[in-house]
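Asker: Got a structure for you, written out below as structure tokens; questions coming shortly.
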């Protein structure tokens, strides 16, 4: 008689069968039809492991589109106050201490955000406090990737201990099957205080009569432990509640606080604080429930979460997951939800690896924003009070990585999911009204974290409106953002959190309005040059928005402010090798901040002058003129992507050249279109697509930053890219796939045809828009707002005459 597979192998095999069935049923087409057939089941091409190494900081766990609940591992490298990566999971770290209920995709601070309430299936007796196990030597377990499977909406893992976990989620709830060896003690640990960044307080209640475990954690502190932010953000701003019920009685219970274990207890509390290392180690609270698995080794748990109350968590669970729903049932519904969402873009042709990279990028792009409102519409406000969604708003969303997302992810959201974009815009406006009119640049749950620089919300909402999003109070939102950009706020004179998390959203605005640049020595910001460029982009976007609203006087003012980047462009700044004209920080007296080097980050935020000098998407022609003309600018751009010997330099690591891992320069490959050399955009983007992105855990170049880097890939693979914030115009590049259809609920579908698309045809020879030949490398707002068709004739060699006429260049 053959031996029975272990529980870990059984669960892994079941998850693998689901993946294989999806591929066979929905995605594979006969070779002869491959180039023409559109993908019908995109989830078959999603690999949640992409980005879990190489600093991508994605997570592989179970999540629905825009979901509140994201159930994924918290790994450990032997320090209970840290993990292998910012999001709690790094592919190379194969030991975990729990499966946490919340995550944020690709956040860069380490630890990142959330990772709330790790739940750990533990094989053995609980004989000491898990919080006292500061090296994760006892209450954690190793695992093998051979026993791990991740698909959209479901995550399965078999642990070295013999326990397994099979998880599936709805938007605000989940169901799990835990299995244990029949001959050993079986326990579930609820590490309620062990959020990634720590916690101020936590609590747990075990109800043996009703087979329930409930509790909450008071936490926040996103980026609160980063070196350049000091302790400014080591604070709580949300409480996550959970309610879990089980299909069987508990055989044992217990709780712990710090180093004290209380066997048999049913309640406990205590936080870990927000310190690091030894100052936090050994602190915290939690509880456990045990099960008799001698006759049945599976334990089913149903769990709901809420940012409002325990009752909200229970209502979310009750309304989203049927009482007898299995993991398979919930997983099928989750897969269907993801297929609906991802089918907004259906591509045809390309290799399997390209389709995997593409649909995983689209998956990561549409993970956020994230729900924070309950099914009844209640959510925690930025003022710490409960609120309800406004009339016409379906849900309150959060997790806004503004400085990152305004460059690509929000455009993709507006293009494909305008209803979600509108609710998100309204959500951010709701937060601003609860926050003394201040629009925070990086919002996590209901917390204003102040992370990064500039005024990205202005650029974001202006872009939403330009792209046809209307289901938000756009008049009120514009007036509020325009006020933030024109009326100084007391926070703007604070250095709290600087650099990195400066509390002022328009720092030292009075000085900025007087000098027309952010002075490095008095700006109360991360970097004066970066702040000037960011504010110029935001103001230019506000100007476009004002004009669309018919507010021409305000438009003229903001249009002019959009040109203030010129006040930090120093024509005399050089690299010592003959190239002059760089963005450089200035002091209040007008003097340039010295010493200067293009590779220096003085005056900049997470970048150098060499990168930021290109960050003028709203006025590329003006930038080219300042550099000495388009030809000179194009040659300089060549040097940005190539080493002196002509070889490519597009993978990062060189302070003087393109960095695909961070946002200030990600638009730069598309600038050739405005410089009259669109074929160079085509070859540069293709080089990045082919060599920087890919399949496998290392398939992202760096932090996904809430879908930003993934959205860059999606646009690039489609042959489109947003021209500038506040506009719906799209720059044209070479499509990666022979065909693609963007199926949209409003604005009309967009069809893209490029029959010759393959590795040997990276160049555009000709383009027609709605059947009419065009000789320009961009399309105006009508494609986005009305829909239409793009047909490409591609070539093996560059067409150096197409779309090069000065009159037809992008601005």
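Asker: Of the conditions (1) closer than 26 Å to residue 440 by Cβ; (2) touching a residue at least 24 places away in the same chain (Cβ under 8 Å); (3) in a helix (DSSP H, G or I); (4) in contact with a helix residue (DSSP H, G or I) (Cβ under 8 Å, 6 or more places away or on another chain), residue 512 clears all except one; give me its number.
Answerer: Result: residue 512 fails condition (2) only.
Asker: Here is a follow-up. Given the condition within 17 Å of residue 542 (Cβ to Cβ), touching a helix residue (DSSP H, G or I) at 6+ places or on another chain (Cβ under 8 Å), part of a loop (DSSP other than H, G, I, E, B) and touching a residue at least 24 places away in the same chain (Cβ under 8 Å), answer yes or no: does some residue in segment 494-504 qualify?
Answerer: No, segment 494-504 has no match at all.
Asker: Could you identify the single residue in 689, 714 that is within 18 Å of the chain's Cα centre (by Cα) and assigned to a helix (DSSP H, G or I)? Steps first, answer last, please.
Answerer: Values: 689 fails: within 18 Å of the chain's Cα centre (by Cα).
Selected residue: 714, the only one of 689, 714 that is within 18 Å of the chain's Cα centre (by Cα) and assigned to a helix (DSSP H, G or I).
Asker: Also, I was wondering about something else. Check off (1) more than 27 Å from the chain's Cα centre (by Cα); (2) buried (at least 22 other Cβ atoms within 10 Å of the Cβ) for residue 252 and give me the number that stays unchecked.
Answerer: (2)
Asker: Which condition breaks for residue 639 when tested against (1) within 18 Å of residue 675 (Cα to Cα); (2) touching a helix residue (DSSP H, G or I) at 6+ places or on another chain (Cβ under 8 Å)?
Answerer: (2)
Asker: Mind checking which pairs have a first residue in segment 416-444 that is at negative phi and without any contact (Cβ under 8 Å) to a residue 12 or more places away in the chain and a second that is surrounded by fewer than 24 Cβ atoms within 10 Å (Cβ to Cβ) and part of a strand (DSSP E or B), Cβ under 7 Å, 6 or more apart or different chains?
Answerer: Hits for this filter: zero, empty list.
Asker: For segment 717-740, which residues satisfy the criterion of being in a helix (DSSP H, G or I) and closer than 27 Å to residue 545 by Cα?
Answerer: Residue satisfying the conditions is 718 alone.
Asker: While we're here: Does at least one position in segment 697-709 carry a residue that is touching a residue at least 24 places away in the same chain (Cβ under 8 Å), out of contact with any strand residue (DSSP E or B) (no Cβ under 6 Å at 6 or more places or on another chain), surrounded by 24 or more Cβ atoms within 10 Å (Cβ to Cβ) and not in a loop (DSSP other than H, G, I, E, B)?
Answerer: Yes, because at least one residue in segment 697-709 is touching a residue at least 24 places away in the same chain (Cβ under 8 Å), out of contact with any strand residue (DSSP E or B) (no Cβ under 6 Å at 6 or more places or on another chain), surrounded by 24 or more Cβ atoms within 10 Å (Cβ to Cβ) and not in a loop (DSSP other than H, G, I, E, B).
Asker: Filtering segment 318-335 down to residues that are outside any helix (DSSP H, G or I) and touching a residue at least 40 places away in the same chain (Cβ under 8 Å), which residue is surrounded by the most Cβ atoms within 10 Å (Cβ to Cβ)?
Answerer: Selected residue: 321.
Asker: Would you be able to tell me the number of residues in segment 277-297 that are touching a residue at least 12 places away in the same chain (Cβ under 8 Å), under 35 Å from the mean Cα position of the chain (by Cα) and surrounded by fewer than 17 Cβ atoms within 10 Å (Cβ to Cβ)?
Answerer: Number satisfying all stated conditions: 2.
Asker: Taking residue 540 as the residue in question, decide whether it is under 16 Å from residue 506 (Cα atoms), in a loop (DSSP other than H, G, I, E, B), at pLDDT 95 or above and touching a helix residue (DSSP H, G or I) at 6+ places or on another chain (Cβ under 9 Å).
Answerer: Criteria not met by residue 540.
Asker: What's the number of the condition residue 201 fails, among (1) closer than 22 Å to residue 79 by Cα; (2) surrounded by fewer than 24 Cβ atoms within 10 Å (Cβ to Cβ); (3) within 24 Å of the chain's Cα centre (by Cα)?
Answerer: Unmet condition: (3).
Asker: Being closer than 27 Å to residue 447 by Cα, out of contact with any helix residue (DSSP H, G or I) (no Cβ under 9 Å at 6 or more places or on another chain) and not in a loop (DSSP other than H, G, I, E, B) is the filter here, so list the residues in segment 241-286 that pass it.
Answerer: 268, 269, 277, 278, 279
Asker: Here's another thing I want to ask about it. If only one of 112, 92, 142, 84 is within 21 Å of residue 709 (Cβ to Cβ), out of contact with any helix residue (DSSP H, G or I) (no Cβ under 7 Å at 6 or more places or on another chain) and surrounded by fewer than 21 Cβ atoms within 10 Å (Cβ to Cβ), which one is it? Walk me through it before giving the result.
Answerer: On the way: 112 fails: surrounded by fewer than 21 Cβ atoms within 10 Å (Cβ to Cβ); 142 fails: within 21 Å of residue 709 (Cβ to Cβ); 84 fails: surrounded by fewer than 21 Cβ atoms within 10 Å (Cβ to Cβ).
It is 92.
Asker: Checking the structure you have, find out if any residue of segment 582-592 is under 34 Å from the mean Cα position of the chain (by Cα), free of Cβ contacts under 8 Å to residues at least 60 places away in the same chain, in a helix (DSSP H, G or I) and surrounded by 17 or more Cβ atoms within 10 Å (Cβ to Cβ).
Answerer: No, because not a single residue in segment 582-592 is under 34 Å from the mean Cα position of the chain (by Cα), free of Cβ contacts under 8 Å to residues at least 60 places away in the same chain, in a helix (DSSP H, G or I) and surrounded by 17 or more Cβ atoms within 10 Å (Cβ to Cβ).
Asker: Just to be sure I understand, how many residues within segment 336-381 are within 16 Å of residue 66 (Cα to Cα), in contact with a strand residue (DSSP E or B) (Cβ under 8 Å, 6 or more places away or on another chain) and surrounded by fewer than 24 Cβ atoms within 10 Å (Cβ to Cβ)?
Answerer: Of the residues in segment 336-381, 2 are within 16 Å of residue 66 (Cα to Cα), in contact with a strand residue (DSSP E or B) (Cβ under 8 Å, 6 or more places away or on another chain) and surrounded by fewer than 24 Cβ atoms within 10 Å (Cβ to Cβ).
Asker: Moving on to the next point. Go through segment 160-178 and report how many residues are in a strand (DSSP E or B) and buried (at least 24 other Cβ atoms within 10 Å of the Cβ). Outline the logic, then answer.
Answerer: Of segment 160-178, the ones in a strand (DSSP E or B) are 164-169, 173-178.
Now drop any that are not buried (at least 24 other Cβ atoms within 10 Å of the Cβ), which leaves 164-169, 173-176, 178.
Qualifying residue count, segment 160-178: 11.
Asker: Name the residue, out of 565, 526, that is touching a helix residue (DSSP H, G or I) at 6+ places or on another chain (Cβ under 6 Å) and crowded, with 16+ Cβ neighbours inside 10 Å.
Answerer: 565
Asker: Continuing with this model, one more query. Please go through segment 782-803 and give me each residue that is within 17 Å of residue 673 (Cα to Cα), in contact with a helix residue (DSSP H, G or I) (Cβ under 8 Å, 6 or more places away or on another chain) and surrounded by fewer than 19 Cβ atoms within 10 Å (Cβ to Cβ), ordered by number.
Answerer: If the condition is that a residue be within 17 Å of residue 673 (Cα to Cα), in contact with a helix residue (DSSP H, G or I) (Cβ under 8 Å, 6 or more places away or on another chain) and surrounded by fewer than 19 Cβ atoms within 10 Å (Cβ to Cβ), then 798, 799, 800 are the ones that fit.
The values are calculated or read from the model by the stated rules, or taken from the named source; none is laboratory data. These numbers come from a predicted model, not from an experiment. No Cβ is skipped: glycine too gets one built from the backbone with ideal geometry, and neighbour counts run over all protein chains shown.
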